[in-house]
Amino acid sequence: MIRPGLRIFTALLALAGPLALANAAAAQTATPALRESVTVSGDVVRIGDLVENAGPVADIPIFRSPDLGTTGAVTTERIVEAIRPHQLIDIDTRGLAEVVVMRLSRAIDAEEITGRVAEALHEQCGLGKASDIAVNFDHEVRTLQVEPNVTGTLQVLNLSCDPHTTRFDVTFDLPASAELHHHPARFTGTAFDTVAAVAVQRPIERGEVLKESDLTILRRPKSETGAISDIADAVGFAARRELRPGQPLHTADLTKPDVVQRNDSVTIVYQAPGLMLTLRGQAQESGARGDSIGVLNLESKRVIQAVVAAPGRVMVSAVTTRLVDNAPAPMVVSPSAAQQSE
C-alpha cells in the first residue's frame, strides 16, 4: 500500500520530472563559448574565466594573470590550444580574435602617497602639521597597485630626514599585501614647512581694486615671511604696481583705493556743533577714504584741506581754537624783599 505522503511526492516528481530532465539536458548540451572580456582578482586565469559553460574543468588554471591593475589580451588560438588537453572541445569562439583580461586591484595614488610621507615626516622628523608640509619627490610618483581586498595604510619601514638639506628617504610596506610586502616602495625627495600666502589668480593692473575672486592661497616656505596670509586682508585694496599670478602679496604691494580723483566735482560738508553746511568743490588731488586732500571751494575760490569720506564727498570739521590766557603771571616775592617791607 502506497502511503499518502509518498503518493503526493510521486505525483510531484511525475510533474517536475520532464522539466528537470530538460534543464539537465540543456546544461549538458550548452555549448562552451568564449567570453569577450573578463575580470579576475587572483594571480591566475582559469578556464571558467575565459569560457562560458566550461563544466568540470572550469577551475583549472591555464594562464598567469596580468599585473595588478593592468589589462592584457590572450589570442583565441592560444586559449583553444591551452584548453585542448583538458578535453573541452567544440568551443564557440564567437568570431573573437582575442579575449581581454583585466585584473582588479586597489590603487594607492600619488596624492595618498604624498599625504602618508607628510604624516611620517611630522611624526618622526618634527616638521609641522602634515597639511602644512610641502613634499617634492626626486622622481615622478607612480600609483601603487595592491590586491583588491587589502585594507590599511602604508607603514613606514625606514625613514631618514635631514633638517639642514630638507631631504628625506622613506620606505613603505603594507603587511596585508603580498605584492608590496615583497617589494616595498621607496621614495626620496625634499620637504619643508609652509605657510599660507595670498596671491592673485590673474594679472592685475596698477590701481585695480582687488576682489575676493581675484585671489587665491599659495603654500610658501615658512622661511619666506612677510606675505599676506588672509584673503580678507587684501580684498578692497588697490594694486600699487602690476601684480602677476604665483607671486605672494605683501602689504607694500597694496594701497587703499582712491575714491576721489583729481578734478572730480565733490560736495564739501562743513560740520560744527549744531551746524552742517554743504558747498560745491573740486578735488585738487586724488585720495582714498581718510586721506586729507586739497579741495577748491567753487564759491570762495579758495583751496581748503578736507578729508575724503566717500566717493564725491569730503568733510571739513570745525577747528577748535585754544584760548590763551593773556593775564600776567603772578609776581614771586623773595624772602629778603618781604623782610625789608616789614
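Here R206 passes the criteria (1) more than 30 Å from R106 (Cα to Cα); (2) assigned to a strand (DSSP E or B) except the one numbered (2).
For G128, the conditions (1) within 15 Å of D193 (Cβ to Cβ); (2) in contact with a helix residue (DSSP H, G or I) (Cβ under 9 Å, 6 or more places away or on another chain); (3) at pLDDT 95 or above all hold with the exception of (3). Screening segment 194-242 for residues that are within 25 Å of H122 (Cα to Cα) and among the polar types (S, T, N, Q) and picking the one that is surrounded by the most Cβ atoms within 10 Å (Cβ to Cβ) gives T194.
Among the residues of segment 142-196 satisfying the criterion of being assigned to a loop (DSSP other than H, G, I, E, B) and among the charged types (D, E, K, R), which is nearest to G128 (Cα to Cα)? Here the residue is R142. The criterion of at least 2 residues that are surrounded by fewer than 17 Cβ atoms within 10 Å (Cβ to Cβ) and aliphatic (A, V, I, L, M) is met, among strands (runs of 3 or more DSSP E) falling completely within segment 243-326, by 275-283, 302-310. When segment 53-68 is filtered for residues that are β-branched (V, I, T) and surrounded by fewer than 18 Cβ atoms within 10 Å (Cβ to Cβ), the ones remaining, listed by number, are V57, I60. Looking across segment 74-92 at every residue that is touching a Ser or Thr at 6+ places or on another chain (Cβ under 7 Å) and surrounded by fewer than 15 Cβ atoms within 10 Å (Cβ to Cβ), the one that is modelled with the lowest pLDDT is identified as D90. When you scan segment 56-69, do you find a residue that is in contact with a strand residue (DSSP E or B) (Cβ under 6 Å, 6 or more places away or on another chain) and within 23 Å of F172 (Cα to Cα), even just one? Yes, the conditions are met somewhere in segment 56-69.
The values are calculated or read from the model by the stated rules, or taken from the named source; none is laboratory data. Only a predicted model underlies this, so the values are computations on that prediction, with no experimental measurement involved. Quick reminder, even Gly has a Cβ in these numbers, built from the backbone with ideal geometry, and neighbours come from all protein chains shown.
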